[in-house]
Amino acid sequence: MPLEVGIVGAGIGGLSAAIGLRRAGAHVEVYERSNFADEIGAAITITPNGSRILDSWGFNNDNAHVVESAGMRMVDADALEPVLTEKFHSLKGEFGAKMGFYHRAELHRVLREMAQSNDGSQPGRPVVLKLGEAVAHVDCENGVICMDCGVQTTKDLVVVADGIRSQLVKNVTGRKEPAKDLGWSAYRCLIPMDSVLEDEDLRGLFDGEAPGYWVPCNLPDAFYMVTYPCRTRRGQLLMNVALRHTTQPQNEDKEDWNSPATVEEALDVLLQKAEEIKVHKLLRRDPLDKYFRGRAVILGDAAHTIPPTHAQGAVLAIEEAAALETLFSGVGCKNLVQARLEVYSDVLKTHMHIVQHLSDTIPGMYDEYRQKAEELWGGDDGLYPREAYNFSAPVRQFLYSYDVRAEIEQGMRKAGM
């Protein structure tokens, strides 16, 4: 008999888990608190270690209107002079997949279509997505999902993927695991690319350049801005702008950017072209000691809330979904669930912790988070150099070469599976 699986949360992590477990042969139901029509948000990057998995699932990049990243231009925030230029043309040859920029709504839409498809494009039974279903509690040992309305359902496996403000992590770990303020804030907006190129002051920064990151930065002050393109369902090309700076405790208005004047001038022009600017504090969750209990496992932002320093948040969730796919492929006995979740935790725990700490570290600098990553790794030999910037070649090699399926298969062999 196929495993009966319940997934709490239908974000990128929850839908990825649904696809992976569907492909493994399970019967999957997803419970989503909201009644969304589409995922909201700005742009998102999927690096090759995530793209390899999406490609293996038959993810249709054309349908998702992906923009392939060709490289990164990091510039000094004071003079806008080049600091580092990286080309990404060899990513597929090096790591088996490309780096893609997506409008978050488009990535989410295609994942949802894949999970629910009944046209034969995906193996297994279509996922059942239940919207407006808020989960109040999970009895992890018995696999019981308790809804806000009082209804209960029992599953062989429960995946907790209810996001950054998860209310269910405590059911797995046995204690509250609040997301903490990193002391940084991020401003985000989307701007029509046509509008950018029509402006005389901005045209020279982007016209004729291949799609990629443009990153003005002043790293000692923890300031950097990241821009890159994405495309809507209607094909409109947008520029995603994300600005990170140290949160000012006395005043958190968007005008209090701690940034050089030259960048402020560029931002003034850019942001006048944005219809809406959103601001939020960047949060982190301390690495968890426990990722499963009984029949329940935590995945995605609920497991590891991290800033987008290396674009690994969603990618980690996709990797974890592939791990579950590998672990439960062809498994039809609920008595095997806990032993396989033990392998999941044994294999992925250190990897998740290291990626969390490295994502919390300001690129090119040494701090307590980098120190913790080195302690977990057993020193700095094998990690990328401390002075390496994000998306530089040493960082790419360390993160993108990680093969979660191979690691899980090795863990299963060690466990005699």
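Which of the following residues is crowded, with 22+ Cβ neighbours inside 10 Å and among the charged types (D, E, K, R): ARG73, ARG22, ARG33? Give the steps one after another, and end with the answer.
Working: ARG73 fails: crowded, with 22+ Cβ neighbours inside 10 Å; ARG33 fails: crowded, with 22+ Cβ neighbours inside 10 Å.
Going through ARG73, ARG22, ARG33 in turn, just one is crowded, with 22+ Cβ neighbours inside 10 Å and among the charged types (D, E, K, R): ARG22.
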Scan segment 313-347 residue by residue and report those that are within 18 Å of PRO48 (Cα to Cα) and among the aliphatic types (A, V, I, L, M). ALA314, VAL315, LEU316, ALA317, ILE318, ALA321, ALA322, ALA323
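Take the residues in segment 1-54 that are of a type in the set (S, T, N, Q) and in contact (Cβ under 8 Å) with a residue 60 or more places away in the chain, then tell me which one is nearest to ALA136 (Cα to Cα). It would help to see each step written out before you state the result.
Kept after step one, since they are of a type in the set (S, T, N, Q), are these residues of segment 1-54: 16, 34-35, 45, 47, 49, 51.
Of the ones still in play, those that are also in contact (Cβ under 8 Å) with a residue 60 or more places away in the chain are 16, 34-35, 45, 47, 49.
Working: SER16: 22, SER34: 14, ASN35: 17, THR45: 32, THR47: 34, ASN49: 34 Å.
Top of the filtered list is SER34.
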Could you identify the single residue in THR350, THR326, THR361, THR309 that is hydroxyl-bearing (Ser, Thr, Tyr) and either without any contact (Cβ under 8 Å) to a residue 40 or more places away in the chain or closer than 14 Å to GLY13 by Cβ (or both)? THR350
Take GLU325 and tell me if it is crowded, with 20+ Cβ neighbours inside 10 Å and either under 21 Å from SER16 (Cα atoms) or not small (Gly, Ala, Ser) (or both). yes
Expected output for segment 63-75 (first residue touching a residue at least 40 places away in the same chain (Cβ under 8 Å) and closer than 15 Å to THR47 by Cβ, partner buried (at least 20 other Cβ atoms within 10 Å of the Cβ) and of a type in the set (A, V, I, L, M), Cβ below 6 Å, 6+ apart or cross-chain) is SER69/MET99
Within the set of pairs 6 or more residues apart or between chains, which connect a residue that is within 20 Å of VAL315 (Cβ to Cβ) and free of Cβ contacts under 8 Å to residues at least 24 places away in the same chain inside segment 279-304 to a residue that is of a type in the set (S, T, N, Q) and surrounded by fewer than 24 Cβ atoms within 10 Å (Cβ to Cβ) with Cβ atoms less than 8 Å apart? none
Among strands (runs of 3 or more DSSP E) completely within segment 129-241, the ones holding 3 or more residues that are out of contact with any helix residue (DSSP H, G or I) (no Cβ under 9 Å at 6 or more places or on another chain) and closer than 29 Å to GLU342 by Cβ are 144-147, 152-154
Pull up segment 289-302, narrow it to residues that are in a loop (DSSP other than H, G, I, E, B) and at pLDDT 95 or above, then point me to the one that is surrounded by the fewest Cβ atoms within 10 Å (Cβ to Cβ). GLY294
Starting from residues that are part of a loop (DSSP other than H, G, I, E, B) and of a type in the set (Asp, Glu), keep the ones in segment 359-396 and report whichever is nearest to TRP214 (Cα to Cα). GLU387
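So, ASP286, is that one part of a loop (DSSP other than H, G, I, E, B) and either closer than 30 Å to MET1 by Cα or charged (D, E, K, R) (or both) or not?
Details: part of a loop (DSSP other than H, G, I, E, B): yes; either closer than 30 Å to MET1 by Cα or charged (D, E, K, R) (or both): yes.
Here the answer is yes, as ASP286 does meet what is asked.
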Of everything in segment 180-195, what is crowded, with 18+ Cβ neighbours inside 10 Å and touching an Asp or Glu at 6+ places or on another chain (Cβ under 9 Å)? Give them in sequence order. LEU182, SER185, CYS189, LEU190, ILE191
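Check VAL127, VAL172, VAL110, VAL144 and return the single one that is aliphatic (A, V, I, L, M), in contact (Cβ under 8 Å) with a residue 12 or more places away in the chain and closer than 22 Å to ALA303 by Cα. Outline the logic, then answer.
Working: VAL127 fails: closer than 22 Å to ALA303 by Cα; VAL110 fails: closer than 22 Å to ALA303 by Cα; VAL144 fails: in contact (Cβ under 8 Å) with a residue 12 or more places away in the chain.
After ruling out the rest, the residue left standing is VAL172.
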Scan segment 334-343 residue by residue and report those that are touching a residue at least 40 places away in the same chain (Cβ under 8 Å) and out of contact with any strand residue (DSSP E or B) (no Cβ under 6 Å at 6 or more places or on another chain). LYS334, GLN338, ALA339, ARG340, GLU342, VAL343
Return the residues of segment 120-140 that are more than 21 Å from GLU325 (Cα to Cα) and not aliphatic (A, V, I, L, M); say none if nothing qualifies. LYS130, GLY132, GLU133, HIS137, ASP139
Kindly provide the set of residues from segment 61-98 that are out of contact with any helix residue (DSSP H, G or I) (no Cβ under 6 Å at 6 or more places or on another chain), of a type outside the set (Val, Ile, Thr) and under 30 Å from GLN116 (Cβ atoms), ordered by number. ASN61, ASP62, GLU68, SER69, LYS92
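Which is at pLDDT below 95 and of a type in the set (Gly, Ala, Ser), of ALA393, ALA339, ALA415? Full working, then the answer.
Values: ALA339 fails: at pLDDT below 95; ALA415 fails: at pLDDT below 95.
That would be ALA393, the only listed residue that is at pLDDT below 95 and of a type in the set (Gly, Ala, Ser).
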Search result, residues across segment 19-76 that are at pLDDT 95 or above, in a loop (DSSP other than H, G, I, E, B) and of a type in the set (S, T, N, Q): THR47, ASN60, ASN61, ASN63, SER69
Considering residues of segment 404-417 that are in contact (Cβ under 8 Å) with a residue 24 or more places away in the chain and in a loop (DSSP other than H, G, I, E, B) only, the residue farthest from LEU84 (Cα to Cα): MET417
Within segment 1-51, tally of residues that are under 15 Å from the mean Cα position of the chain (by Cα), of a type in the set (A, V, I, L, M, F, W, C) and closer than 21 Å to ARG233 by Cβ: 8
Before we move on, is TYR102 touching a strand residue (DSSP E or B) at 6+ places or on another chain (Cβ under 7 Å) and more than 21 Å from THR232 (Cα to Cα)? no
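The values are calculated or read from the model by the stated rules, or taken from the named source; none is laboratory data. All of these numbers come straight from a predicted model, not from anything done at the bench. Cβ coordinates were reconstructed from backbone atoms using ideal geometry, including for glycine residues, and neighbour counts include every protein chain displayed.
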